[in-house]
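Report on one structure; see the data block that follows.
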Amino acid sequence: MLPIVTHPQYSFDFPGKHRFPMEKFKLLNQYLTEKNIVTPSNTFRPGKARLDFLQLAHCPDYLHRFINNLQSKQEVRRMGLPWSEGLLNRTLISPNGTFLTALLALDHGIACHLAGGTHHANYDFASGFCILNDLALSARAIILQGKVNKVLIVDCDVHQGDGTASILQNDDDIFTFSMHCEKNFPVRKAHSNLDIGLDVGLKDQAYLDTLEHHLLSVIRSFKPDFIFYDAGVDIYEHDPLGLLNISLKGIEDRDRLVLDICKQFNIPVATVIGGGYDDDRMALAKRHALVVEAAQDIYKI
């Protein structure tokens, strides 16, 4: 069966009216369990990441400040989340979840993490609800361990993966590809290996054509032997932080396009859910489920 990585502590007691929908992780797991896509036999639970793993992409002093609740008020404001023991626990588990997803994908061709995609986290500061950069950490880790030689990060969140680009700017064996809404957060963009800034209001077909063209071009030129896919659903036409005009069908088509290409080129892929915002938390969870449903249908494992 399709390997699924998740953890009960991904959702914890959290202000219900906060912009960040912390309960979406629990609801996503619940929805996929009801559909019999998540079962006890294909679910994997990560533990907390070790400090030496986190230091692959983050400053030791920054890690010390966050772990011990010593950040300044300005740092906490930039992080966008109130510090708590619950936040600390989930933050230390989630990067390990993406790393575990990558290891499972190497064995099975694909694996899905029901969290991850915290791509605004920088080397020494948190930003935009992102504290630790699971994509940069996991990409460096699987290369360091000799599992793969070249990694492609395909970031389709509506916001640029600025933290990922910044951390990995000198890693020649990791290619960062971010396709995002140009007139959106962050105001100051970093430099990915390939940045495709999209116009506000872009619709399905133009989006899909652009993604297919550039993804195929990157795969043929860079020749990665592993892909991380950030399947952010904040490209949705009604997402309050989105600014694109992509339908529900468009999101589904995007996920199928990316995974079909990965399978066509026989490149193992680990998926993470990325961003997505909605006061209707269950509707949001169902949007995040689209990539997992596509993975099960396409790979049939």
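Does the stretch 83-110 hold any residues that are within 16 Å of residue 137 (Cβ to Cβ) and free of Cβ contacts under 8 Å to residues at least 60 places away in the same chain, and which are they?
Scanning the stretch 83-110 gives 91, 92, 95, 96, 99, 103.
This table checks each residue for (1) buried (at least 18 other Cβ atoms within 10 Å of the Cβ); (2) in contact (Cβ under 8 Å) with a residue 40 or more places away in the chain; (3) part of a strand (DSSP E or B).
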| residue | (1), (2), (3) |
| --- | --- |
| 170 | no, no, no |
| 188 | no, no, no |
| 191 | no, no, no |
| 216 | no, yes, no |
| 228 | yes, yes, yes |
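Return yes or no: is residue 157 part of a loop (DSSP other than H, G, I, E, B), charged (D, E, K, R) and farther than 29 Å from residue 2 by Cβ? Even if it seems obvious, please write down each step before you answer.
Numbers: part of a loop (DSSP other than H, G, I, E, B): yes; charged (D, E, K, R): yes; farther than 29 Å from residue 2 by Cβ: no.
No.
Restricting attention to the stretch 31-42, report how many residues are closer than 19 Å to residue 231 by Cβ and not aromatic (Phe, Trp, Tyr). Break it down into steps so the answer makes sense when it comes.
Taking the stretch 31-42 and keeping what is closer than 19 Å to residue 231 by Cβ, we get 31-32, 35, 37-38, 42.
Subset that is not aromatic (Phe, Trp, Tyr): 32, 35, 37-38, 42.
Of the residues in the stretch 31-42, 5 are closer than 19 Å to residue 231 by Cβ and not aromatic (Phe, Trp, Tyr).
Test residue 10 against the stated conditions and say whether it is touching a helix residue (DSSP H, G or I) at 6+ places or on another chain (Cβ under 7 Å) and surrounded by 15 or more Cβ atoms within 10 Å (Cβ to Cβ). So that I can check it myself, show each step before the final result.
On the way: touching a helix residue (DSSP H, G or I) at 6+ places or on another chain (Cβ under 7 Å): yes; surrounded by 15 or more Cβ atoms within 10 Å (Cβ to Cβ): yes.
The answer is yes for residue 10.
Given the structure, is residue 247 surrounded by fewer than 16 Cβ atoms within 10 Å (Cβ to Cβ), at pLDDT 95 or above, touching an Asp or Glu at 6+ places or on another chain (Cβ under 6 Å) and farther than 25 Å from residue 38 by Cα? Break it down stepwise before answering.
On the way: surrounded by fewer than 16 Cβ atoms within 10 Å (Cβ to Cβ): yes; at pLDDT 95 or above: yes; touching an Asp or Glu at 6+ places or on another chain (Cβ under 6 Å): yes; farther than 25 Å from residue 38 by Cα: yes.
Judged against the criteria, residue 247 is a match.
Could you please find all residues in the stretch 248-292 being within 28 Å of residue 109 (Cα to Cα) and assigned to a loop (DSSP other than H, G, I, E, B)?
265, 266, 267, 268, 273, 274, 275, 276, listed by residue number.
Conditions (1) touching a residue at least 12 places away in the same chain (Cβ under 8 Å); (2) of a type in the set (Lys, Arg), marked per residue:
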| site | (1), (2) |
| --- | --- |
| 221 | no, no |
| 232 | yes, no |
| 244 | yes, no |
| 248 | yes, no |
| 263 | yes, yes |
| 275 | yes, no |
| 294 | yes, no |
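The values are calculated or read from the model by the stated rules, or taken from the named source; none is laboratory data. Just so it is clear, the structure is predicted and the values come from calculations on it, not from any experiment. Glycine gets a Cβ as well: all are built from the backbone with ideal geometry, and neighbour counts include every protein chain shown.
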